[in-house]
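Notes follow the structure.
The values are calculated or read from the model by the stated rules, or taken from the named source; none is laboratory data. Only a predicted model underlies this, so the values are computations on that prediction, with no experimental measurement involved. Cβ atoms come from the backbone with ideal geometry, glycine included; neighbour counts cover every protein chain shown.
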Amino acid sequence: MMKSLLCAAILATGLGTATAQTLAITNGRVVTNTEAGMVESGTVLIRDGVIEAAGADIAIPDGVETIDANGGWITPGIFHPHTQLGLIEVSAERSTSDVAAPAASFTAAIDVADGFNPAGGHIPDSRRRGVTRFAVFPSTGSALIGGRGALANSSGAPDSLFDDRTFLYIDLSQSGAQTAGGSRNAAWAYLRAAFEDARFYPGRFMSHHEGDAINRFDAASLVSAVRGEIPIVLQVERASDIRRALRFAEQHPAARFILAGAAESWMVADEIAAAGIPVIMDPLRNLPGSFDVLAARLDAPARLHAAGVQTAYTTISADLYFNPRLITQHAGNAVANGASWDDAFRAITLTPAEIYGVGDRYGALAEGYAGDVVIWDGDPLEVMSAPVAVLIDGERQPMTSRQTRLAERYSERVPNGQYGYRH
Amino acid sequence: MLEDSSRNKGALWPIMAGALAGLAALGLAACNGTAPDEADGSDTASSSGEGELVRYDADPYPSTYEPFESDIVLIQGATVFDGIGGEFENHDVLMQDGRIAAMGEGLEAPEDAIIVDGRGRYVTPGVIDIHSHLGVYPSPSVGAHQDGNEITAPVTAEVWAEHGVWPQDPGFDAALAGGVTTLHVLPGSANLFGGRGVTLRNVPSRTVQGMKFPEAPYTLKMACGENPKRVYGGQGRAPGSRMGNMAGYREAWQRAVEYRRSWDRYWDEGDADATPPTRNMELDTLMGVLEGDILVQMHCYRADEMVQVLDMAEEFGYEVTTFHHAVEAYKIGDILADNDVCAAVWADWGGFKMEAYDSINENLALVHDAGACAMIHSDDQLGIQRLNQEVAKALAAGRRLGIEVTDGEAVAWFTSNPARGLGIFDETGSLEEGKRADLVLWSAHPFSTYAVADHVYIDGALMYDRDDPERRTMRDFSLGQPGEGVL
C-alpha cells in the first residue's frame, strides 16, 4: 500500500513540476550513500525532479541550468526519522500543539496526517539546515498506543506529506506504563490484549462485544500493524525492556518493529542485530536521566554500528519540533565518539529512509532517487558548516525562515536609537 | 511521547530550567565594615553584652576546596587561545604550583616538568558555564531529586542553591569530560526571587563546601516572564501576570531598602546596647545586592522585559550583572552595552514558550557586535558537555550575517566572559601568568564537532585524561551501575 502511495506521490510531483526540467549540480564532493561512496569532485544531474546520474565524469547536456557547488559538499537531503514538525508551534501553549491527546478516547485510530500543518512555523528553519524529509510522530496520549505517524518533505507545499499511516507508535517506556495503570507489567498486558483485539477483528466485535483493551475503531486501525503491513515503532529504553520487546517480536512474526529511544540498546546490540530490528536513538544521551537509561553512553552509536544494527539518529535530547535541524550536530558527535563518518551520515539520510521502506527513493544520490540534494559549504557534520542550497524533488528551496527575517531586521540596528531596526 | 519528551524544552522545561532553590540569607552583613574575624560557626559575631555591635557572618558555609595534587606541566607547540581574544600558534604553556607560570614560544622545561606534546592540538582556558542546575536537578531526574525550585512562594531570596546541590550528580563527571572547570549552579526560575546561586569548581567532593570556588561572590537568581506568573497565577496567587511580576519585585526591593536602612541606622549609631533590627534571611540577600556584594543573575527572555528590569534596578539602586537566556538580547544589544550588562544565551534553543519564540542563532554574535558582554550558557546537563560546539554554532551564524568575530574573541564566550559575569575573572577565565591553571587541551580545533577534550586541568591538576580511564572521576551514583562510568 505504501509503495503505491509513494509512486503516486512521485508521479504527482513529476507532473507538478515544469516539464523536462534538467539541473546539474557541479564541482563538489559528492556523498552518494551508494557503493560509489564519496566522489571527490563530482556532479549530480536531476531531470524532472529525479536524479538521473551522480558521480564523476557525468556529461552535462547543453543548455542545462547549473549550480556550482564551488568545492563544497553535495549530499542527499537529511531525512530526520523522528520529528513533530508541523504538529507544534509553541510547546508550552497547548492550543498550538497537536502531538498528544491525553483525553482522547482513541488510540491506534489517531493519524497525525489529520493535524499536520505543512506550513508549520518551524519547518523552514529545519529545511534551510538541510532537512528535506522527516517522519512525523504522535506522542503518547491517553494510552500507550499513540497513533499512526507519517512522512513529509519540508517544502511547505500543501502536498508535502507524502505518505500517511506509515507506522504505528507505541510507548513502552515509563510514560507508556503510566497510561496503562502504572507499571510496565500492565503496559505489556495492555499491548498483548490490544494485539488480540486486532487479530480477531472484526469477529470479536460482532454481537455487541467489546475489545479487551481497545475499541472497534482502534482495532480496525491496528490491524495493518499487527499484520506487518506497516511497522511498529516501540519506545523502549532499558535493556531488559528491549529484550522483552525482542521476545514479543518473535512471538508475532508477522509484525515488524523499530526500536526508538533505546538508550541501553548497545547492551543488547547483538540480539537486536540478529532480529533484524532497526533502532532510532540519540547519540548525545549519556547521563542516567532515569533508572531506565542508567547505561546511556556516547559511544552507543559506534557500538550499534559495529554490531550491525540498522541505526538511525534522532534529536530527542534537544527536541523534535524546533531543533530537528540539529541532527547533523548529533551525528557529528557520534563520529567524535567512535562512529565512522559514513555510518553516522547514513544514520540521518539513507538509513531512516530504509527503516520506513522508502530507501529506494530517498537518502542517496543515485539514478532514480528523488532530487533531494543539499549543497554545503563544508563537512555537513561540522557545527560550523551550513547548507548554501537545498533542493527537494529537484526544486530549489528558499533559504529563509522567520529566524532569518528577525536576524536581518536586527542586524540593521540604529546605534542608541529607540528602535532596534529601521523598518 | 518519548519518555524524554516531557523534558524537551517544552512545557515542563521552563519550570525545571528555572529551578530555583535558594535560600537566602544568611549572610550578609559583613558588608558594612568589619567582617567577623572568625567564622567559627557561632554565626553571629557577638551579642550586645560584650559591647560589640551585632554583625552576621557573611560566609557561614565557607569553601573548603583545596586544589588537587598537581605536577609541573609544560604543554608544547599547541595553538593556544588565551580566552581574552588572543590566538597563538606553536605556543607553550607552563603550569606550576597550580598556576599559569609562563606562556610563550620555546619555553624551557623546568626540571621534573611533565612534557605534553601539544602539536596539532589546541589549548583554551577551562570551560565556564554560568548557568547550570547540576546538583540541584541531578541525574537521575527522580522526584526526590527536584531541589532546584522552592516553589512555595514567589519571593524566596532566603534559599541558597548550595544547600540543594548533590555533589554526587554524575552530570559533574560528564561536564568535566567536556572541559568544564567552573560552573555556576542556580536556583530555577519558578520564583521572582529564586535564591542564591553558587559557583563551583568541577571537582569530586563529598561536600558542596569542597567544591565551592573560594571567595567567589554570591549571586541572586531572579526570573522574569512566563514562569513565575504561570506557577503562581495557576494557584490563584500573585503573580499572575507580568504586571504582578514587577509588583512583586518592587515590593520586595522596597522592603530591602528599609531593612538596609534599619541596619545602617543601628551600625551608624554604634550603640552596643541598642536592640539590633530583627534579622530576616530573605532581606539579608536583597540587602547584599543593594550593597553591591551579591551579583544579580536574572532569567529574562524578552527584550522589553529586560529594559523594564533595568529601570527597576535604577529605581532601587542595584545592578543586574547578567541576563540569562536573553533570547531577545539581540534586539537591545546597544541598551545592554550602555548599561554594562551581560547576556548569557543559547546557540539555538527556542520555541518552547512564547517568550522563546524569537530565538535566533545570531543572538550571541549580534549582542557581541553591539559592544555588550555576551557569552554562552547551557542550562542543561547535556549542553554543558559541549559549550565549545555551542559557541561554534553561534559564531558561524554570526559570520554568515556578516559580523566579524575572530576565533579568539569567540573563545571568550565560554571562558573569560562567564568568568566576568561571575566576578571571578581575576582568578580564572583566561590564560595569563599567575592565574589559576584551569585549562583544556583539545584534540582538534575546539570549534570542530570532532574535537574532544584530551586533558582537563583544574588548578594545574590533571583531572581528566581521555587516555586514562583510571583517572576518570566517577560519582558514587555511577558505581556498580550498568555501563558504569560516564563516557
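Considering only region A:182-229, state which residues are in a loop (DSSP other than H, G, I, E, B) and closer than 17 Å to A:Asp241 by Cβ.
Our first condition is that a residue be in a loop (DSSP other than H, G, I, E, B); within region A:182-229, this holds for A:182-183, A:200-202, A:209-215, A:227-229.
Passing the criteria: A:Gly182, A:Ser183.
Quick check, is B:Ala453 without any contact (Cβ under 8 Å) to a residue 60 or more places away in the chain, among the aliphatic types (A, V, I, L, M), crowded, with 22+ Cβ neighbours inside 10 Å and within 14 Å of chain A (Cβ to nearest Cβ)?
In short, no.
Consider B:Ala396 against the criteria (1) part of a helix (DSSP H, G or I); (2) closer than 28 Å to B:Val136 by Cα; (3) within 8 Å of chain A (Cβ to nearest Cβ); (4) out of contact with any helix residue (DSSP H, G or I) (no Cβ under 6 Å at 6 or more places or on another chain): it satisfies all of them except one. Which criterion is unmet?
Result: B:Ala396 fails condition (2) only.
Can you name the number of the only condition in (1) more than 26 Å from the chain's Cα centre (by Cα); (2) in contact (Cβ under 8 Å) with a residue 12 or more places away in the chain that A:Glu210 fails?
In the conditions (1) more than 26 Å from the chain's Cα centre (by Cα); (2) in contact (Cβ under 8 Å) with a residue 12 or more places away in the chain, A:Glu210 misses (2) alone.
Can you tell me how many residues in region A:341-372 are assigned to a loop (DSSP other than H, G, I, E, B) and in contact with a helix residue (DSSP H, G or I) (Cβ under 7 Å, 6 or more places away or on another chain)? If you could, list the steps in order and put the result at the bottom.
At the first step, the residues of region A:341-372 found to be assigned to a loop (DSSP other than H, G, I, E, B) are A:347-349, A:356-369, A:371-372.
Subsequent filtering for residues that are in contact with a helix residue (DSSP H, G or I) (Cβ under 7 Å, 6 or more places away or on another chain) retains A:347-348, A:357-359, A:361-364.
Residues in region A:341-372 being assigned to a loop (DSSP other than H, G, I, E, B) and in contact with a helix residue (DSSP H, G or I) (Cβ under 7 Å, 6 or more places away or on another chain): 9 in total.
Residue-by-condition table, conditions (1) surrounded by fewer than 16 Cβ atoms within 10 Å (Cβ to Cβ); (2) of a type in the set (A, V, I, L, M); (3) part of a strand (DSSP E or B):
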position	(1), (2), (3)
A:Asp62	yes, no, no
A:Ile67	no, yes, yes
A:Ser91	no, no, no
A:Ala101	no, yes, no
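So how many residues does region A:379-423 have that are on the phi > 0 side of the Ramachandran plot and either in the same structural domain as A:Thr22 (by TED's automatic domain parsing) or modelled with pLDDT of 95 or more (or both)?
Our first condition is that a residue be on the phi > 0 side of the Ramachandran plot; within region A:379-423, this holds for A:393-394, A:416.
When the remaining residues are screened for being either in the same structural domain as A:Thr22 (by TED's automatic domain parsing) or modelled with pLDDT of 95 or more (or both), the result is A:393-394.
Residues flagged as on the phi > 0 side of the Ramachandran plot and either in the same structural domain as A:Thr22 (by TED's automatic domain parsing) or modelled with pLDDT of 95 or more (or both) within region A:379-423 amount to 2.
How many residues, within region A:69-89, are on the phi > 0 side of the Ramachandran plot and either in contact with a His (Cβ under 7 Å, 6 or more places away or on another chain) or surrounded by fewer than 24 Cβ atoms within 10 Å (Cβ to Cβ) (or both)?
Here is the first cut: in region A:69-89, the residues on the phi > 0 side of the Ramachandran plot are A:70-71, A:86.
Then keep just the ones that are either in contact with a His (Cβ under 7 Å, 6 or more places away or on another chain) or surrounded by fewer than 24 Cβ atoms within 10 Å (Cβ to Cβ) (or both); that gives A:70-71.
Result for region A:69-89: 2.
Give the number of residues within region A:132-179 that are away from chain B (no Cβ under 14 Å) and not aromatic (Phe, Trp, Tyr). Give the derivation first.
Keep residues of region A:132-179 that are away from chain B (no Cβ under 14 Å), which gives A:132-134, A:150-166.
Cutting the leftovers down to not aromatic (Phe, Trp, Tyr) gives us A:132-133, A:150-161, A:163-166.
Selection size over region A:132-179: 18.
All but one of (1) in contact with a Leu (Cβ under 7 Å, 6 or more places away or on another chain); (2) in a strand (DSSP E or B) hold for A:Phe167; which doesn't?
Result: A:Phe167 fails condition (1) only.
Could you list, in sequence order, the residues of region A:126-164 that are in a loop (DSSP other than H, G, I, E, B) and among the β-branched types (Val, Ile, Thr)?
Residue satisfying the conditions is A:Thr140 alone.
Looking only at region A:103-125, how many residues end up being within 14 Å of another protein chain (Cβ to nearest Cβ), in contact with a helix residue (DSSP H, G or I) (Cβ under 9 Å, 6 or more places away or on another chain) and in a loop (DSSP other than H, G, I, E, B)?
Matching residues across region A:103-125 total 4.
Within region A:266-281, is even one residue under 26 Å from B:His145 (Cβ atoms) and touching a His at 6+ places or on another chain (Cβ under 7 Å)?
Residues of region A:266-281 under 26 Å from B:His145 (Cβ atoms): A:266-267, A:281.
Next, from what is left, pick out any that are touching a His at 6+ places or on another chain (Cβ under 7 Å): none.
Among the residues of region A:266-281, not one is under 26 Å from B:His145 (Cβ atoms) and touching a His at 6+ places or on another chain (Cβ under 7 Å), which makes the answer no.
Among (1) farther than 23 Å from A:Gln403 by Cα; (2) surrounded by fewer than 24 Cβ atoms within 10 Å (Cβ to Cβ), where does B:Ile384 come up short?
For B:Ile384, the failing item is (2).
Anything in region B:367-390 that is over 28 Å from B:Ser443 (Cα atoms), within 10 Å of chain A (Cβ to nearest Cβ) and touching a Lys or Arg at 6+ places or on another chain (Cβ under 8 Å)? List them, or say none.
Of everything in region B:367-390, just one residue is over 28 Å from B:Ser443 (Cα atoms), within 10 Å of chain A (Cβ to nearest Cβ) and touching a Lys or Arg at 6+ places or on another chain (Cβ under 8 Å), namely B:Ala370.
Can you list residue pairs whose Cβ atoms sit under 8 Å apart, with the first residue in region A:252-281 being of a type in the set (Gly, Ala, Ser) and the second being outside any loop (DSSP other than H, G, I, E, B) and at pLDDT below 95? Count only pairs 6 or more apart in sequence or on different chains.
These pairs meet every condition: A:Gly261/B:Glu3; A:Gly261/B:Asp4.
Here is a yes/no grid of residues against (1) within 14 Å of chain B (Cβ to nearest Cβ); (2) under 30 Å from B:Gln389 (Cα atoms):
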| site | (1), (2) |
| --- | --- |
| A:Asp212 | no, no |
| A:Phe217 | no, no |
| A:Ile230 | no, no |
| A:Ser240 | yes, no |
| A:Leu246 | no, no |
| A:Ala262 | yes, yes |
| A:Asp270 | no, no |
| A:Leu284 | yes, yes |
| A:Val293 | yes, yes |
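Which members of region B:299-343 meet the condition of being among the charged types (D, E, K, R) and over 20 Å from B:Leu422 (Cα atoms)?
Taking region B:299-343 as the starting set, the residues that turn out to be among the charged types (D, E, K, R) are B:302, B:304-305, B:311, B:314-315, B:319, B:328, B:331, B:334, B:338, B:340.
Answer for region B:299-343, where residues must be among the charged types (D, E, K, R) and over 20 Å from B:Leu422 (Cα atoms): B:Arg302, B:Asp304, B:Glu305, B:Asp311, B:Glu314, B:Glu315, B:Glu328, B:Lys331, B:Asp334.
Which of the residues that make up region B:167-200 are in contact with a Phe, Trp or Tyr (Cβ under 8 Å, 6 or more places away or on another chain) and aromatic (Phe, Trp, Tyr)?
Within region B:167-200, just B:Phe193 meets the criteria.
When the residues of region A:70-89 are filtered to those that are facing chain B (nearest Cβ under 9 Å) and assigned to a loop (DSSP other than H, G, I, E, B), which remaining residue is nearest to A:Tyr321 (Cα to Cα)?
First pass over region A:70-89, keeping only residues facing chain B (nearest Cβ under 9 Å): A:82, A:84, A:88-89.
In the following step, the residues that additionally are assigned to a loop (DSSP other than H, G, I, E, B) were identified as A:84, A:89.
On the way: A:Gln84: 5, A:Glu89: 8 Å.
The qualifying residue nearest to A:Tyr321 (Cα to Cα) is A:Gln84.
Pull up region B:313-356, narrow it to residues that are more than 17 Å from A:Arg402 (Cα to Cα) and within 9 Å of chain A (Cβ to nearest Cβ), then point me to the one that is surrounded by the fewest Cβ atoms within 10 Å (Cβ to Cβ).
B:Asp338
Looking at A:Val64, A:Val90, can you tell me which residue is under 29 Å from B:Asp348 (Cβ atoms) and either touching a helix residue (DSSP H, G or I) at 6+ places or on another chain (Cβ under 7 Å) or in contact (Cβ under 8 Å) with a residue 40 or more places away in the chain (or both)?
Details: A:Val64 fails: under 29 Å from B:Asp348 (Cβ atoms).
Exactly one residue qualifies, and that residue is A:Val90.
Taking the conditions exactly as written (touching a Lys or Arg at 6+ places or on another chain (Cβ under 7 Å), buried (at least 24 other Cβ atoms within 10 Å of the Cβ) and away from chain B (no Cβ under 12 Å)), does A:Ala364 satisfy them or not? Break it down into steps so the answer makes sense when it comes.
On the way: touching a Lys or Arg at 6+ places or on another chain (Cβ under 7 Å): no; buried (at least 24 other Cβ atoms within 10 Å of the Cβ): yes; away from chain B (no Cβ under 12 Å): yes.
Judged against the criteria, A:Ala364 is not a match.
Could you list, in sequence order, the residues of region B:467-487 that are within 11 Å of chain A (Cβ to nearest Cβ) and charged (D, E, K, R)? If you could, list the steps in order and put the result at the bottom.
Let us first name the residues in region B:467-487 that are within 11 Å of chain A (Cβ to nearest Cβ), namely B:475, B:477-478, B:480-487.
Scanning region B:467-487 gives B:Arg475, B:Glu484.
If B:Asp438 satisfies every condition in (1) modelled with pLDDT of 95 or more; (2) within 14 Å of chain A (Cβ to nearest Cβ) but one, which is the exception?
(2)
Looking only at region A:128-142, which residues are surrounded by 24 or more Cβ atoms within 10 Å (Cβ to Cβ) and either among the charged types (D, E, K, R) or farther than 11 Å from A:Gln397 by Cβ (or both)? Walk me through how you get there before you give the answer.
Initial filter on region A:128-142 (surrounded by 24 or more Cβ atoms within 10 Å (Cβ to Cβ)): A:129-140.
Correct list: A:Arg129, A:Arg133, A:Phe134, A:Ala135, A:Val136, A:Phe137, A:Pro138, A:Ser139, A:Thr140.
Give the residues of region A:319-354 that are farther than 20 Å from A:Thr75 by Cα and at the interface with chain B (Cβ under 8 Å from one of its Cβ atoms), sorted by residue number. It would help to see each step written out before you state the result.
Restricting attention to region A:319-354, the residues satisfying the condition of being farther than 20 Å from A:Thr75 by Cα are A:319-323, A:336-338.
Across region A:319-354, the qualifying residues are A:Asp319, A:Leu320, A:Tyr321, A:Phe322, A:Asn323, A:Ala336, A:Asn337.
Against the condition within 30 Å of A:Glu395 (Cα to Cα) and either without any contact (Cβ under 8 Å) to a residue 40 or more places away in the chain or of a type in the set (Asp, Glu) (or both), how does A:Asp218 come out, does it pass? Lay out the reasoning, then the answer.
Working: within 30 Å of A:Glu395 (Cα to Cα): no; either without any contact (Cβ under 8 Å) to a residue 40 or more places away in the chain or of a type in the set (Asp, Glu) (or both): yes.
Taking the combined requirement at face value, the residue does not satisfy it.
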